[in-house]
Structures are given as C-alpha cells and as structure tokens.
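The block underneath contains the structure these notes are about, expressed in structure tokens.
The values are calculated or read from the model by the stated rules, or taken from the named source; none is laboratory data. For clarity, every value in this text was computed on a predicted model and none was experimentally measured. Methodologically, a virtual Cβ is constructed for each residue, glycine included, from the backbone with ideal geometry; neighbour enumeration extends over all protein chains shown. Protein only, heavy atoms only, side chains kept; ligands, DNA and RNA dropped before computing areas. Shrake-Rupley method; radii C 1.70, N 1.55, O 1.52, S 1.80 Å.
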Amino acid sequence: MVELSFYMLSGAVVFMLLFLFKSYSKGQLLLSWLVVIFIWVSYLAVLIRSGVLMNFGFPPRVPLFIVIPAIALIIVGVNSRYAQRFMTTTPLHVPILMQSFRVLVELLIYATYLKGVFPLRATFEGLNFDILVGISAVFVGVGVYRGLIKAQAVVIWNIASLGILLVTVYSFISTYYFMDFAEVGDSAKFVEFPYILLASVLLPAAIFLHAFSLKQTMVRSRNQG
C-alpha cells in the first residue's frame, strides 16, 4: 500500500501541475511540460538501472544526479520569458494553496519509516517540520485570496518554507550518506522506485511552487510599481 501511495501521490502532483499550466497559460506550456516529464522519467529510469545511485559514498549521488539537476531546470524554467507571462495570469494564491500536498507527503514519509525504509530523523518526529508548511499553505493561500496577506508576507513565507525544506533534505542526506543507515535492512530502497519519487518528483514540485510563487510575487510587484 505504501508503494502504491507513492505512485498515486506523485501522479496526483504531476496532474496538479498540468492543470495549473493548462488553466492559466491557455495550453501554451502544456506540451513543453509533457516533454520535460517524459525526458525526466527516462533519465530516472536510466539512473536507477545503471546502479549509480546505489553508491552511498561521497559525494551524495541523489543530490548530485537528481536534486541539483531538478533545481537547475526549475531556475531556468521560472526565469523564462513564457513563464513570466504565465505568472501574470495565475492568481497569487494558487501556487501557495497547492503546497498543501506536503501534508500527505509527510504522512507518507512516516508510513515509509514504519516500513523500515526511511529514517526516523526524516519524519515529523525527527528533523522534518515540512508538515507545518503544508498546513500553513492553506491559511496563507486563503489569506492571499481574501487580500489579508500582502506580497512581502508571501515572500517571507516562501523563504521560510524553503529553509524548512532544506532541513528536511539535510535529514535525509546526513542519514543515508554519513550515518550508514543505507546498510541496514531495506533502507537502500530509497534509491529505487517508487521511493525515489520523493526526491525526483515530490521534492522538485515543492521547490518549483516556491520558486514560481517568489518570482510571480516579484513580477507582480514590479509591474504594479
């Protein structure tokens, strides 16, 4: 059930982003997004099949081959000319509310810990406070929608949330690559499907929504100024 939940949640997040692009970009970015998904999934399949991610030595392979490339793509994407047009048509509260999916991610991480795959320190009982971001996203999003929360507060929330996400990433990296956790039981499954979807789909989706919201807020403020 845990394995199926990873596929279901990852699929739901991808469709959520597809809905975002289709609804507010008039389909202009939809084809590009589908191409990126196909290339990214193919890249992941090759990585996993090669076995390179099974090396838990230094440097950490998952950040090097998955997280960093994903961040690079996100930076290029949100700074593109087409994305900035898209940002002007997307309501400010939409990418914020979408971050609420992280509550489900945290519950799934905890269930995976109970299964013996993820470490305790990567859950909300350890160093992972990301569930607070998912919960707060609902209140911040509603506040923005009703005009109660202004641009500066949105920027602060996004930056603080990225900081919390960074601590979560650290909890995984430090455990798997510096504490020999991957040598115990089934924990090496972290770099196999479906568990790798946490680092390759769910994490990049959260980073993308933060980057999008930050850039969107700055673009709107600049246009209004």
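Of the accessible area of the chain, with the probe set at 1.4 angstrom, what percent is carbon plus sulfur?
Numbers: 8070 of 11390 Å².
Carbon-and-sulfur percentage of accessible area, whole number: 71.
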Task: Spacing of the two label points (7 Å from each Cα toward its C-beta) at residue 82 and residue 135, in nm - done: 3.9
Task: Positive-pole candidate from 53, 7, 69, dipole of the range 1-107, charges at beta carbon - done: 69
Task: FRET efficiency for residue 167 and residue 142, using Cβ-Cβ distance with R0 set to 25 Å, rounded to 0.05 - done: 0.45
- [ ] Starting from the Cα of residue 221, step 7 Å along the direction of its Cβ; do the same at residue 35; then give the gap between the two resulting points in nm.
- [x] 3.3
TODO: Please work out whether the range 7-134 counts as rounded, prolate or oblate from its C-alpha gyration tensor, where a ≥ b ≥ c are the square roots of the eigenvalues and a/c under 1.5 means rounded, while otherwise a/b larger than b/c means prolate and anything else oblate?
DONE: oblate
TODO: Can you tell me the order of 9-18, 153-162, 167-176 when each peptide is scored by its average per-residue count of other Cβ atoms within 10 angstrom, highest first?
DONE: 167-176, 153-162, 9-18
Task: FRET efficiency, 1/(1 + (r/R0)^6) with R0 22 Å, evaluated for residue 45 and residue 12 via beta carbons - done: 0.60
- [ ] Quickly work out the residue 1-to-residue 174 label distance, labels modelled 7 Å from Cα along the C-beta direction, and quote it in nm with one decimal.
- [x] 3.2
Task: Nearest 10 degrees, 0 to 90: helix 2-24 Cα axis against the chain principal axis - done: 20
Open item on the list: Could you report the range 1-140's accessible area per residue, 1.4 Å probe, as an integer in Å²?
Closed with: 53
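Using heavy-atom solvent-accessible surface (probe 1.4 Å) with all chains present, what is the largest-first order of 139, 21? Can you show the working numbers first?
Working: 139 145, 21 15 Å².
Result of the area sort, largest leading: 139, 21.
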Task: trypsin sites (Lys or Arg not before Pro) within the range 1-105: DSSP coil, no more than 16 neighbouring Cβ in 10 Å - done: 26
Task: Sum of -39500 (n - 2.57) over DSSP H runs of 4+, divided by residues of the chain (222 nm, nearest 500) - done: -22500 deg cm²/dmol
